[in-house]
1. Considering only residues that are small (Gly, Ala, Ser) and either more than 17 Å from Ala87 (Cβ to Cβ) or touching a Phe, Trp or Tyr at 6+ places or on another chain (Cβ under 6 Å) (or both), which ones fall in region 421-455?
2. I'd like the full set of residues that are farther than 28 Å from Arg362 by Cα and of a type in the set (Val, Ile, Thr), limited to region 376-399.
3. Cβ-Cβ distance below 7 Å, separation of 6 or more or different chains: which pairs start in region 590-602 with a residue that is buried (at least 16 other Cβ atoms within 10 Å of the Cβ) and end on one that is among the acidic types (Asp, Glu)?
4. Give the residues of region 477-505 that are among the aliphatic types (A, V, I, L, M), surrounded by 10 or more Cβ atoms within 10 Å (Cβ to Cβ) and without any contact (Cβ under 8 Å) to a residue 60 or more places away in the chain, sorted by residue number.
5. Could you say which residue among Pro89, Pro64 is outside any helix (DSSP H, G or I) and either β-branched (Val, Ile, Thr) or in contact with a helix residue (DSSP H, G or I) (Cβ under 9 Å, 6 or more places away or on another chain) (or both)?
6. Please state which of the following conditions Val471 fails to meet, knowing it meets all the rest: (1) surrounded by 15 or more Cβ atoms within 10 Å (Cβ to Cβ); (2) not in a helix (DSSP H, G or I); (3) not assigned by TED's automatic domain parsing to the domain that holds Ser586.
7. Could you grab the pairs with beta carbons closer than 6 Å, sequence gap of 6+ or different chains, first residue in region 273-300 and under 17 Å from Trp65 (Cα atoms) and surrounded by fewer than 17 Cβ atoms within 10 Å (Cβ to Cβ), second one modelled with pLDDT under 80 and charged (D, E, K, R)?
Amino acid sequence: MTGLLKRLVIGRAMRSEELQETLLPKRLALPIFASDPLSSVAYATQEILLVLSLGGMAYLHFTPWIAATVVLLLAVVVLSYRQVVSAYPSGGGSYEVASTNLGPSAGLVVAASLLVDYVMTVAVSVASGVDNIISAVPELADQRVLMAVGFVVVLTAMNLRGVRESGRAFATPTYLFVGGVLIMIATGLFRYVVGDAPVAESAKYGIAAEPGDAHLAGLALVMLVLRAFSQGCTALTGVESISNGVPAFRKPKPKNAATTMAVMGAISITMFIGVTALALISKVRITEDSCRLTGLDGSCESYTQRTVIAQIAASVFGGEHSIGFYFIQAATALILILAANTAFNGFPLLTSILAQHRYLPRQLHNRGDRLAFSNGILALAIVAGLLLWGFQANVTQLIHLYILGVFTSFTLSQTGMVRHWNRELRTEHDPVLRRRHKTARAINGTGAVFTGLVLLVVLATKFTQGAWLAVLAASVLYVMMRGIRRHYDATATELAVTDPRDELVPPSRVFAIVLVSTIHKPTLRALSYARAFRPDHLEALTVSVDRDEATALRGRWQEYGIEVPLKIIDSPYREVTRPVVDYVRSIRRESPRDVVAVFIPEYVVGHWWENLLHNQSALWLKSRLLFTPGVMVTSVPWQLTSSAHADRPAGRAPGSVRRGEPPNSDQRPDRPVGSRRP
């Protein structure tokens with residue numbers, strides 16, 4: 001049943017040779033890797049207006065200048081990352097650039113920052129999408145968190161089906177959003193030119209300033225403008241994802257990725273300028289607290305503010321009940337939710353590279369049934385879901401944790417690219433190529449300066465409002481990744497072979513022990529299996545927690561004529577694990593060069609509930625014995641009838657164990673050695 005459900009959700013398993021078929025053409029790569037920056041136009045303008053409205057309506061005239069600065073920065077970053085795509089097409093993106101040119105520590109800072117930013121991309125995008133749904137259907141406000149988590153689950157399932165599958169599913173909503181917004185912009189600007197400018201539903205309201213923010217001047221005014229600018233820079237989130245996803249493109253990979261990035265930049269800039277212009281033309285008024293709106297007819301507590309893009313759509317297309325309004329709202333909600341898909345592709349790719357470099361667990365480098373990095377996808381979904389639940393899917397609270405990581409990676413990667421071009425210029429003598437390298441260096445240098453300044457602004461304006469959590473999370477990730485790398489390096493050093501002849505010296509003797517609870521088929525199989533190894537010494541071992549049962553067991557042992565000697569250990573306190581472990585360790589102390597082989601009979605059952613009916617003492621025994629040097633633990637499974645119908649991976653025999661892996665987790669132990677018979 002589980003296997004059938006998995007196939008229905010994920011699809012058929014794909015062979016490794018089919019990886020080439022999952023590569024993306026540009027038309028699918030754009031919605032997969034660029035949905036985040038494309039969708040950010042739905043809220044970037046709103047974030048600027050929300051901050052400026054803190055001072056009332058007096059400072060809204062700064063909006064066009066802030067927007068123009070954001071556009072300039074976006075253009076510089078897009079041009080800069082086109083250089084990254086061409087110079088480092090392996091998919092490491094900012095992490096690879098920083099690691100190669102600035103050192104491993106800088107690379108880890110970038111990686112930690114990006115991992116945090118990817119999680120925030122999912123949380124903010126889904127929460128913002130839910131906000132737009134609630135703008136169209138206010139009755140759903142109470143289901144905000146449930147809807148957000150539900151969308152994360154759907155995105156996870158789609159991405160587990162593979163990159164190409166998710167691209168096909170998400171391409172149409174992305175193109176519908178882009179087309180819808182461009183039509184809205186064209187229609188609104190045309191109406192403005194002909195003298196019929198659209199008017200937002202909130203244009204009739206005023207805005208009361210926050211206490212203390214009414215007459216800002218000097219440094220306070222600069223900080224307000226800088227804070228609005230930092231909020232508007234959410235329009236740049238996700239730009240780096242294409243540089244991380246170059247391996248997913250069809251050949252020629254760098255060229256196709258660079259073209260896709262250029263198209264993404266042009267569309268994002270056009271839509272951001274258009275939405276900001278229409279917000280100003282239609283006189284949109286929006287605040288974090290609706291009670292600061294003046295001129296409301298009813299109670300401010302009951303008034304639900306629509307998002308900026310919703311108000312623009314209603315004003316352009318003729319009201320909140322127009323087809324155009326519902327189309328824009330539906331497309332916006334979809335693209336905002338699907339914007340999280342950028343992170344669902346970038347996060348697993350980055351964790352896979354980090355795992356390959358031994359900074360994260362190796363499991364994150366493994367591909368799933370559909371050749372996607374399934375473990376990374378699931379990890380992202382779990383963390384993002386917990387974040388949405390913890391912050392109640394509130395965009396205003398989540399947005400303060402956002403974009404810090406992405407500007408850290410922007411700054412370090414562009415600085416690394418400057419060093420890359422300096423190195424190239426030292427060895428390049430062709431005048432044409434030198435001019436190209438110098439131009440590229442100038443672009444990357446400008447990008448490094450701009451994004452570095454924005455990073456400082458973001459830190460200064462957002463740190464106390466919640467950005468410190470993002471800094472803390474990135475710091476914890478950095479320390480954790482360094483610790484994981486130290487562990488892997490230490491393990492590799494410890495396991496390295498210096499002299500194979502020393503390692504191949506056989507033990508002086510093999511002392512075999514078969515653990516016995518009673519005489520039944522699993523016990524006899526374990527005895528036969530142990531004898532097949534021809535150890536130097538073989539004995540059966542049981543722990544006596546009941547003298548009568550131990551006496552009966554010895555009598556049956558002699559009655560059956562079993563030639564293996566039976567040793568009985570008394571346990572007056574009815575313990576089983578400790579006496580066995582102590583006995584095995586005593587053998588090791590007496591003969592340190594001997595190898596002790598312990599054979600444990602186990603049941604294999606076919607249903608999860610049957611596991612509850614059998615004691616788990618053998619698991620404790622194995623876990624304790626595995627920490628004892630010179631002790632080999634072997635599970636000898638006995639398959640019950642119910643296990644014959646259980647689902648197993650193809651090609652695996654019941655109870656078999658692959659070389660180098662622990663016993664099958666489906667195997668469950670027999671009753672504890674020496675316990676009462678049922």
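The values are calculated or read from the model by the stated rules, or taken from the named source; none is laboratory data. Please read all numbers here as calculations on a predicted model, not as lab measurements. Counting neighbours? That spans all protein chains shown, and the Cβs are built from the backbone with ideal geometry, glycine included.
1. Answer for region 421-455, where residues must be small (Gly, Ala, Ser) and either more than 17 Å from Ala87 (Cβ to Cβ) or touching a Phe, Trp or Tyr at 6+ places or on another chain (Cβ under 6 Å) (or both): Ala440, Gly452.
2. If the condition is that a residue be farther than 28 Å from Arg362 by Cα and of a type in the set (Val, Ile, Thr), then Val395, Thr396, Ile399 are the ones that fit.
3. Between residues of region 590-602 that are buried (at least 16 other Cβ atoms within 10 Å of the Cβ) and residues that are among the acidic types (Asp, Glu), the close pairs are Pro601/Asp670; Glu602/Asp670.
4. Pass one, region 477-505, residues among the aliphatic types (A, V, I, L, M): 477, 479-481, 484, 490, 492, 495-497, 504-505.
Imposing the further condition that a residue be surrounded by 10 or more Cβ atoms within 10 Å (Cβ to Cβ) reduces the set to 477, 479-481, 484, 490, 492.
Within region 477-505, Val479, Met480, Ala490, Ala492 meet the criteria.
5. Pro89
6. It is condition (2) that Val471 fails.
7. Listed by first residue and then by second, the contacts come to nothing, as the list is empty.
Condition check ((1) at pLDDT below 55; (2) closer than 27 Å to Ile337 by Cα; (3) of a type in the set (D, E, K, R); (4) in contact with a Phe, Trp or Tyr (Cβ under 9 Å, 6 or more places away or on another chain)) across all residues:
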site: Leu4; (1), (2), (3), (4): no, no, no, no
site: Arg7; (1), (2), (3), (4): no, yes, yes, no
site: Ile10; (1), (2), (3), (4): no, yes, no, no
site: Glu17; (1), (2), (3), (4): yes, no, yes, no
site: Gln20; (1), (2), (3), (4): no, no, no, no
site: Leu24; (1), (2), (3), (4): no, yes, no, yes
site: Ala29; (1), (2), (3), (4): no, yes, no, yes
site: Ala34; (1), (2), (3), (4): no, yes, no, no
site: Ser39; (1), (2), (3), (4): no, yes, no, yes
